[in-house]
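Only one structure is covered here, and it is reproduced in the block below.
The values are calculated or read from the model by the stated rules, or taken from the named source; none is laboratory data. All figures in this text were calculated on a predicted structure; none of them were measured in a lab. Cβ sites come from the backbone with ideal geometry, for glycine too, and all protein chains shown count toward neighbours.
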Amino acid sequence: MLILISFVFYRLSLSPSPSHSANASIRPTITIDAGFEDTYRSGYWTPVRVTIDNSGPAFQGKLSVQTFSGGAHQQRIDMLSPWSFEEAVTLAQGAQKQLTIYAPHYTGNLITRGFLATLRNERGQTVSIQSSKQGYEVQPGDTLVGVLSDNADLEPQLTRITLINQSGSLNVSRLDAHTMPTIETALENFDVLILDNFATNTLSTQQLAMLQTWVNRGGTLIEVGGLNWQRTLSSLPAHLLPVDVHGLDLLPAGTHLQSFNGNTIVPVTSDIPPSQPTISTARLARQEVFSNVQTVLSSAQTPLIVQAHQGSGAIYYLAFDPAAPPLDSWNTSANIWQMIIQRALGDRLLISSGAQSYDDGPGQILTRGGLVSFLNPGMSSTTNVLLFLLIGYLLFLGPVRMWYIRKRPAAQMYNGRIVLSSVLVFSVLTFGMAGYEKEAGVTNNSVSMLQINQDGTAGHITTYMSVLAPNQGDLHMQIPGENLSEPIDIQYLDHNSAISTSQMPPGGIPTKVTYNPDNTSLALSNSNLWSVDPIVSEQDLQLQGQLSGYLTVRDNHVLGSVQNNLHTALSDAYILLPHTFITLGHIDAGQTRNFDVQLHATRPVSEQTLADQIAHQVGLPGQYFPFLQKAQPQTELQKHMALLSALSGVGYNYTACEGSCMTHAITGKNTIYVTGGQIPDPNLKNDYDPLLIPDAQATFIAWADQSLSGQPLPTVNDQTPQGQHTMFVQMPMKIHYSGLVTIPQDSVTGNVVDIASFDAGAILPGSYTLTSGNVKFELDLPDVPRLYIGGLTITIPNLITHPSGPGSGITTYNNNITAKIYNWYTQKWERMQTNANDAFTTNQPATYTGPNGRILVQVGSKKATQIYFGKPTLSINGNAIP
């Protein structure tokens, strides 16, 4: 390959033929800039920005991008990826153009070194070629922060932050309106985005819509107000701003800015600014798009730090700007950023840096591996007809012919004619059907996962497809709309027998992915005429219509409504809560489904997921997945139940996880972490269930009867293929409270806000261990204007004494956990005396409830012994007045 590239450079350096003019010999040149300021994540979609300068005549051609790799100690190009990502180029004379092409940063088992950009003319001849320089790879588990800011001191403050379980200092990349992605899949490279003194009116409508989807899918957005709040915040849509800002003021003298996590600051004045900065004044915005809006820090009635949850992500508002005068030169500013980012990342920081990590594959295919069984093309109806013809042919020539001759001996003289006629008739039928199979037998089965944003108007869709084009070899597929699509590599399929990988080349099927204005086309070069090509595609989606819902917990009942203003009906709809669910059934387009269901007190059931409980309700066994028995679901309901099992980890085991990665490991963005640790009962379901949208108060699920993408089906070789298409819908929902408050178990769980331990770690989702130090959790009361609490109970599951949850397991009470709760009046930590059910109860809730509805709990170990514990949970008895 090195020789080939050297030859290309040599050809480009040749002098033009005398028959060409000097002007015609001037070729366009390219420069390449990959990643986010040369920073990237392996396994993620990476923007490759290529600038083309055309000093010669008008030019038409194509720009393609490929990843290249080498061994651990090689800097040269050793292997080019068989996948290229392309876009058409048209340039006038003297013009310059910058194109951004997204490509997955992956080259198999070799180390990815960078990207190679190639410019070709209309005849496919190489005009210019350029490789990117080797950038910096963010390691799995490390944090990447994107900054949109004109404050020069912000990045130096952030790079001084040191977070636990990180391989180095905080990774920071600057963005602007040009480098900000336009599709959510690319923005997933970032864990945190900061808007600080930035002209947000330069962002496009598409970028702002994509930003909301990114938050809903787990991103953390930090918005900074202060003196320049109008420049930064005034252009943000309401669903991205949890406060209504209305003016400016000075921070009151003597305000502590670092004690909001119950920290004891020494000396006590070290977190008081030496001079008063300008702050923006605001009030909380009560909107349905935010599940919970909490003031983390305030001065009198002015919120200084606000936290709002939306879907799986969160938005933070700061009324002061740590990177602007006079705080820019204050040494404590970096500590404030550290505390905010640490509480925003929470559990993710407790994954040990020594944990073995694995790429989850495109569209998180490894943790959703059971979905592959739905993609198996199987046999078409035409194939079945061919089989019946073959069987009929054999029967007619054998038993039927012999029976006829015995019955009519005179027919013996026509035996030869009978055989020839049979061969002729069945050959004509067989060749005719085979020709029809070749022309019309293209099959495309797909499963789409649509996560709708909390406002119910937009979302993100991931579609898994398998394409079979019998006897056609090369495959040309067009996927409508703006999307990022790629083949699913063999390494993500060879553990799953649902799709054969025996004919796939080890380096992947050579594929050209071309980005067009209205679609993405894929050209796959198959050496096997009957190969099955698995593909994954992701795109952002603006819904035609809206899906909305309203939930209220009142007097031990859950009542509310779901309004389907989409263009299609929804089938088998459910509302999911921790450990329980509400059945809604079929909801027609334009229909509103009202319900009032008694809330049953349930406790975690070992080894029983929500998918199991729903399957039992409809008369099917738990972990229902007939594909394991080489059978197929027979009804739509059975298909839906099998899909729920697949999403809960059934149907696919990964060797590295020693089972399903969904239940035997911790999954993050595109990464699987195998901690190597064990808890006494790994089947315990604490607050975590794979069907629940993480951090959402409730989750709506259903199946769309028709596609919600608003786009036609993909075409294959200029045909619309036959096949089965499934669209699964998820949406986060907010819970309101009214009347006598009974909080569903695990609906309010602790969020990690501070880590003061060198060995604290997350073992499985919602399960932790430590030997030294402590971890602080915050439990937020329901977002109710007036909530009168008679008593509260906090449960900290001890996974040694009660391995299957509180009230189970060992009866001998031997609590090795030290738990403390923060007293907001005395501003000191007090010992929590938990009972045999791992619970602490108090009838003086005001003492331990902060001025903004926050309860702080600290968990540590007695005598430096190793402990295993689950997330703290909150139960209250009270009365809510809306």
- Among (1) modelled with pLDDT under 95; (2) assigned to a strand (DSSP E or B); (3) among the β-branched types (Val, Ile, Thr), the one test that Val50 misses: (1)
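State all residues of the range 625-658 that are touching a Cys at 6+ places or on another chain (Cβ under 9 Å) and closer than 22 Å to Ala573 by Cα; if no residue qualifies, say none. Reasoning before the result, please.
At the first step, the residues of the range 625-658 found to be touching a Cys at 6+ places or on another chain (Cβ under 9 Å) are 649, 652-654.
Gly649, the sole residue that qualifies.
Name every residue in the range 320-344 that is touching a Phe, Trp or Tyr at 6+ places or on another chain (Cβ under 8 Å) and farther than 16 Å from Pro274 by Cβ, in order of residue number.
Just the residues of the range 320-344 that are touching a Phe, Trp or Tyr at 6+ places or on another chain (Cβ under 8 Å), to begin with: 322, 327, 339-340, 344.
Hits for the range 320-344 are Met339, Ile340, Ala344.
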- Message: I'd like the full set of residues that are modelled with pLDDT of 95 or more and among the hydrophobic types (A, V, I, L, M, F, W, C), limited to the range 166-182.
- Response: Val172, Leu175, Ala177, Met180
- Query: Does Tyr822 count as within 23 Å of Leu764 (Cβ to Cβ) and surrounded by 14 or more Cβ atoms within 10 Å (Cβ to Cβ)?
  - Reply: no
- Query: Any idea which of (1) over 17 Å from Thr865 (Cα atoms); (2) among the hydroxyl-bearing types (Ser, Thr, Tyr); (3) modelled with pLDDT of 90 or more is the one Ser772 doesn't satisfy?
  - Reply: (1)
- Picking from Ala704, Ala756, Ala762, the residue that is farther than 26 Å from Arg217 by Cβ and either touching a helix residue (DSSP H, G or I) at 6+ places or on another chain (Cβ under 8 Å) or among the aliphatic types (A, V, I, L, M) (or both) would be Ala756
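Does Ala846 count as modelled with pLDDT under 90, surrounded by fewer than 16 Cβ atoms within 10 Å (Cβ to Cβ) and at positive phi? Talk me through it step by step, then tell me what you get.
Numbers: modelled with pLDDT under 90: yes; surrounded by fewer than 16 Cβ atoms within 10 Å (Cβ to Cβ): yes; at positive phi: no.
The answer is no for Ala846.
Checking the condition surrounded by fewer than 22 Cβ atoms within 10 Å (Cβ to Cβ) and of a type outside the set (Lys, Arg), which residue from Ala300, Ala314, Ala319, Ala308 passes?
Details: Ala314 fails: surrounded by fewer than 22 Cβ atoms within 10 Å (Cβ to Cβ); Ala319 fails: surrounded by fewer than 22 Cβ atoms within 10 Å (Cβ to Cβ); Ala308 fails: surrounded by fewer than 22 Cβ atoms within 10 Å (Cβ to Cβ).
It is Ala300.
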- Task: Identify, by number, the condition in (1) within 27 Å of Thr443 (Cα to Cα); (2) crowded, with 22+ Cβ neighbours inside 10 Å that Ala569 doesn't meet.
- Result: (2)
- Message: Considering only residues that are among the acidic types (Asp, Glu) and either assigned to a loop (DSSP other than H, G, I, E, B) or in contact with a Ser or Thr (Cβ under 7 Å, 6 or more places away or on another chain) (or both), which ones fall in the range 728-766?
- Response: Asp746, Asp759
- Note on the structure: (1) touching a residue at least 60 places away in the same chain (Cβ under 8 Å); (2) in a loop (DSSP other than H, G, I, E, B) all hold for Glu538 apart from (2)
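Just checking: which of the strands (runs of 3 or more DSSP E) contained wholly in the range 79-166 hold 3 or more residues that are among the β-branched types (Val, Ile, Thr)? Before the answer, list the steps.
On the way: elements: 83-91, 96-104, 111-121, 126-131, 144-149.
Hits in the range 79-166: 111-121, 126-131.
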- Every listed condition ((1) closer than 29 Å to Ile479 by Cβ; (2) in contact (Cβ under 8 Å) with a residue 40 or more places away in the chain) holds for Asn565 save (2)
- So which of Thr295, Thr281 is surrounded by 15 or more Cβ atoms within 10 Å (Cβ to Cβ), in contact with a Leu (Cβ under 9 Å, 6 or more places away or on another chain) and either among the basic types (Lys, Arg) or more than 22 Å from Thr220 (Cβ to Cβ) (or both)? Thr281
- Confirm whether Asp533 is of a type in the set (Asp, Glu), surrounded by fewer than 19 Cβ atoms within 10 Å (Cβ to Cβ), modelled with pLDDT under 95 and farther than 27 Å from Leu691 by Cβ. no
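Residues are listed down the side, and each one gets a yes or a no for (1) out of contact with any Pro (no Cβ under 9 Å at 6 or more places or on another chain); (2) under 22 Å from Thr849 (Cα atoms); (3) assigned to a strand (DSSP E or B):
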| position | (1), (2), (3) |
| --- | --- |
| Gly262 | yes, yes, no |
| Thr269 | yes, no, no |
| Ser275 | no, no, no |
| Gln287 | no, no, no |
| Val296 | no, yes, yes |
| Ala308 | no, yes, yes |
- Note on the structure: Going through the range 315-357 in order, the residues found to be at pLDDT below 95, under 25 Å from Asn216 (Cα atoms) and assigned to a loop (DSSP other than H, G, I, E, B) are Ile351
- Note on the structure: Those residues of the range 448-464 which are in a strand (DSSP E or B), buried (at least 24 other Cβ atoms within 10 Å of the Cβ) and touching a helix residue (DSSP H, G or I) at 6+ places or on another chain (Cβ under 7 Å) amount to Gly459
- Query: Asp572 passes all but one of (1) modelled with pLDDT of 95 or more; (2) out of contact with any Phe, Trp or Tyr (no Cβ under 6 Å at 6 or more places or on another chain); (3) in the same structural domain as Gln730 (by TED's automatic domain parsing); which number fails?
  - Reply: (2)
